Amino acid sequence: MIIEKVLNNNVLLTKNDKGKEVIVMGRGISFKKVAGDQVDDHKIDKIFMLNENEFTAKLTELLNDIPVSHLEVVNEIVTHATEVLDTELSDNIYLTLTDHIHFAIQRQEKGLALQNAMLYEIKRFYKKEFEVGLDALQKIENTLGVKLGEDEAGFIALHMVNARIDGNEMKSTLKMTEIVQHILNIITYHYGIVLDESSFSYSRFLTHLQYFAMRVIRKEVIHSGEEFLYNQVKQTYTEAFACAQKINEYLEKTYDQYLSKDEYVYLTIHIHRVTERNNIAE
């Protein structure tokens, strides 16, 4: 690959073997280099490319307005996040998170820290992502010399959740979290109990709810025709099924959607497990 433009010592613009424009990052990859020089493949740490040239165009535009050091610290954050979360993240996070951190730093310098109204829910539902957010704050302070508050760790965590799901807009992530919270509230009030958030059943149920909420947002419905299992669960777990019916009413009223028989089965079983009074540790 031949260098088309040097953005700084660690970032450059070039074209891949298919002739598509990409942004390449690597420590010292552009040091004492100019346009026309060969890219040192051994120094490549990350190549940014998505949706033809749309992603690189947006990233190039972003780097014209903000310090490249902000992208570099985001690269460190994302690298750490993929290890902790044990998953790949959408490349869009390099755009969204770099942009967010840039403005967060600007707000901080002006004394305009933004309060995160979802912080409690984020800590509760996305513990690993929040830990990544806290680590990100330390990286930002160490690298950029700016100390951001815990609210920003929550915002960064939501970016991680969003990038893990499908890279959609943050609005979808917030809506998904809201749906999960409402369903948990319905269960809590129906049974008049406080759910044990430290239990494995709760953790497993929470994962089910998160993906269920994603399907609600996408208006996806699961069907497999398990009529027998539906009737069996309805008769066996009457209380949990009644609770599931309240959740169905909430979905119909708020999102004009309803539970399929298969969703009734999955949800009822999970509700029974998570609310069972004398649940034996799994």
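The values are calculated or read from the model by the stated rules, or taken from the named source; none is laboratory data. The structure displayed is predicted, hence computed values, not measured ones. Backbone-built Cβ (ideal geometry, glycine too); neighbour counts: all protein chains shown. When the accessible area is computed, the model is the full protein with side chains, heavy atoms only, and any ligands, DNA or RNA have been set aside. Shrake-Rupley method; radii C 1.70, N 1.55, O 1.52, S 1.80 Å.
Side notes on the structure shown:
- Subset tally (residues that are modelled with pLDDT under 85, more than 21 Å from LEU119 (Cα to Cα) and open to solvent by 40 Å² or more (accessible area, probe 1.4 Å)) for region 191-218: 5
- Tally, over region 228-281, of residues that are within 26 Å of the chain's Cα centre (by Cα) and among the aliphatic types (A, V, I, L, M): 6
- Residues of region 169-187 that turn out to be under 16 Å from the mean Cα position of the chain (by Cα), touching a residue at least 24 places away in the same chain (Cβ under 8 Å) and open to solvent by 50 Å² or more (accessible area, probe 1.4 Å), as a count: 2
- Scanning region 99-116 for residues that are in contact (Cβ under 8 Å) with a residue 40 or more places away in the chain, over 12 Å from PHE155 (Cα atoms) and among the aliphatic types (A, V, I, L, M) returns a single hit, ILE105.
Results for (1) free of Cβ contacts under 8 Å to residues at least 24 places away in the same chain; (2) surrounded by fewer than 16 Cβ atoms within 10 Å (Cβ to Cβ), shown as yes or no for each residue.
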{"position": "LEU119", "(1), (2)": "no, no"}
{"position": "LYS123", "(1), (2)": "no, no"}
{"position": "PHE130", "(1), (2)": "no, no"}
{"position": "GLY145", "(1), (2)": "yes, yes"}
{"position": "GLU150", "(1), (2)": "no, yes"}
{"position": "LEU158", "(1), (2)": "no, no"}
{"position": "TYR189", "(1), (2)": "yes, yes"}
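- Any hit, region 100-112, residues being open to solvent by less than 20 Å² (accessible area, probe 1.4 Å), in contact with a Leu (Cβ under 6 Å, 6 or more places away or on another chain) and β-branched (Val, Ile, Thr): no
- Considering each residue of region 86-98 in turn, none proves to be within 19 Å of ASP135 (Cα to Cα), in contact (Cβ under 8 Å) with a residue 60 or more places away in the chain, over 18 Å from the mean Cα position of the chain (by Cα) and not assigned by the TED database to the domain that holds GLY19.
- Just one residue in the set GLU197, GLU220 is under 21 Å from the mean Cα position of the chain (by Cα) and either touching a residue at least 40 places away in the same chain (Cβ under 8 Å) or in a helix (DSSP H, G or I) (or both); that residue is GLU197.
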